[in-house]
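Q: Supplied in structure tokens, the structure appears directly below.
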Amino acid sequence: MAGILYLCATPIGNLGDITFRVLDTLREADLIAAEDTRNSIKILNHFEIKTPMTSYHEFNKYDKAEVLIAQLKEGRNIALITDAGTPAISDPGEVLVRRAKEEGITVTSLPGACAAITALTLSGLPTRRFVFEGFLPADKKERKAVLKSLENEERTIILYEAPHHLKGTLKELFDALGERKITLCRELTKKYEEAPSMDLSEAIAFYESNEPKGEYVLILAGADPEKKKEEQIRRFEEMTIEEHMQMYLDDGLEKKEAMKRVAADRGVSKRDIYRALNLGESD
Ligand code: SAM
């Protein structure tokens, strides 16, 4: 009979957050697959767990998944632990889970700490509807596309970020999404846990003179449709009709469609736009 793949959530800082079930499973499994064996050995030593460990990380996630699948098929029970928190959330666990399911292997998840959810609960922002983005893509084009897709996102947004990228990311968020409330969570579950809430522009100003330290979870308020509308009207009023037209032409719209949109945005008739641009209506 095939073994079982156990996804074991581990603490994101405070060792007291490990669960009894995870400890039992780590003790009883035939093998522990760990993202960072040097990190995980500290947990195993602390709880006197002697189960053999093997590495499963970003750079061997495809090849090693096949090795682990073969072992599961031979009947070995494997516990997966990642660097911190819940396996398969912004870590290589996702690949192993997919492969195991494709091979008909039983996968079970032992819940516990997850930085995203811990941060969300601390944010004071709406928690009824939220969207988890994890790390923004490193690739410039993909990153821009994700930021664009978030512009009108009304649900609360959860992002992960490393300290050396924080300042740049905050600026990019401001440029793409405008002013928003943000909660910056760091050192979660640890002694110096912090979750200050402020405007995005205040966060940018704060980190101009303070170096970011530790890993961050950013919780961003979703778009406010009313505020967005008002901002847009203000933006259009500041533009000339020519600039307004150019904005849509740059977006790839046909001239006629662009004029229609400009007229609608400015609350005037299409004829007014034709006239202002000194065009005949057949142009
Ligand atoms: N699987 C993990 C989970 O369940 O949250 C996330 C893994 S991801 C590779 C690591 C990111 O989680 C960090 O860069 C940071 O954004 C966030 N994170 C993990 N522990 C944290 C902590 N104690 N405080 C703040 N953020 C943390």
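Q: So is Lys213 away from the ligand (no atom under 16 Å from the Cβ), of a type outside the set (Phe, Trp, Tyr) and surrounded by fewer than 20 Cβ atoms within 10 Å (Cβ to Cβ) or not?
A: Against the criterion (away from the ligand (no atom under 16 Å from the Cβ), of a type outside the set (Phe, Trp, Tyr) and surrounded by fewer than 20 Cβ atoms within 10 Å (Cβ to Cβ)), Lys213 does not qualify.
The rows are residues; the columns are (1) in a strand (DSSP E or B); (2) within 16 Å of the ligand (Cβ to nearest atom); (3) in contact with a Cys (Cβ under 9 Å, 6 or more places away or on another chain).
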residue: Thr54; (1), (2), (3): yes, no, no
residue: His57; (1), (2), (3): no, yes, no
residue: Lys64; (1), (2), (3): no, no, no
residue: Val67; (1), (2), (3): no, no, no
residue: Gln71; (1), (2), (3): no, no, no
residue: Leu96; (1), (2), (3): no, yes, no
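Q: Check Glu202, Glu238, Glu193, Glu242 and return the single one that is more than 16 Å from the ligand (Cβ to nearest atom), closer than 30 Å to Gly85 by Cβ and out of contact with any helix residue (DSSP H, G or I) (no Cβ under 7 Å at 6 or more places or on another chain).
A: Residue meeting the stated conditions: Glu202.
Q: For segment 73-83, which residues satisfy the criterion of being near the ligand (Cβ under 7 Å from one of its atoms) and either outside any loop (DSSP other than H, G, I, E, B) or open to solvent by less than 50 Å² (accessible area, probe 1.4 Å) (or both)?
A: Thr82
Q: Does Ala138 satisfy being free of Cβ contacts under 8 Å to residues at least 60 places away in the same chain and in a helix (DSSP H, G or I)?
A: Considered against the rule, which asks whether it is free of Cβ contacts under 8 Å to residues at least 60 places away in the same chain and in a helix (DSSP H, G or I), Ala138 comes out as no.
Q: List the residue pairs whose Cβ atoms are under 6 Å apart, where the first residue sits in segment 113-129 and is closer than 16 Å to Glu154 by Cβ, the second is assigned to a loop (DSSP other than H, G, I, E, B) and more than 13 Å from the ligand (Cβ to nearest atom), and the two are 6 or more positions apart or on different chains.
A: Pairs that qualify, where the first residue is closer than 16 Å to Glu154 by Cβ and the partner is assigned to a loop (DSSP other than H, G, I, E, B) and more than 13 Å from the ligand (Cβ to nearest atom), are Leu120/Thr127; Leu125/Ala221; Arg129/Arg155.
A quick yes/no check of all residues on (1) at pLDDT below 90; (2) under 30 Å from Phe135 (Cβ atoms):
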site: Asp199; (1), (2): no, yes
site: Leu218; (1), (2): no, yes
site: Met259; (1), (2): no, no
site: Ala276; (1), (2): yes, no
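Q: What pairs come out if I take residues in segment 31-50 that are open to solvent by less than 100 Å² (accessible area, probe 1.4 Å) and pair them with residues that are of a type in the set (Phe, Trp, Tyr) whose C-beta lies under 9 Å away, six or more apart or interchain?
A: Every condition considered, the pairs that remain are Ala33/Tyr56; Ala34/Tyr56; Glu35/Tyr56.
Q: Hey, another quick one. Quick one: in segment 116-134, of everything that is in a helix (DSSP H, G or I) and open to solvent by less than 20 Å² (accessible area, probe 1.4 Å), which residue is farthest from the ligand (Cβ to nearest atom)?
A: Ser123
Q: Mind checking which residues of segment 6-30 are part of a loop (DSSP other than H, G, I, E, B), within 13 Å of the ligand (Cβ to nearest atom), open to solvent by 20 Å² or more (accessible area, probe 1.4 Å) and not small (Gly, Ala, Ser)?
A: Correct list: Ile12, Asn14.
The values are calculated or read from the model by the stated rules, or taken from the named source; none is laboratory data. Nothing here was measured: the structure is a model prediction, and the numbers come from that model. Positions of Cβ are generated from backbone atoms using ideal geometry, with glycine treated the same way; all protein chains shown enter the neighbour counts. All accessible areas refer to the heavy atoms of the entire protein, side chains included, with ligands and DNA or RNA removed. Shrake-Rupley method; radii C 1.70, N 1.55, O 1.52, S 1.80 Å.
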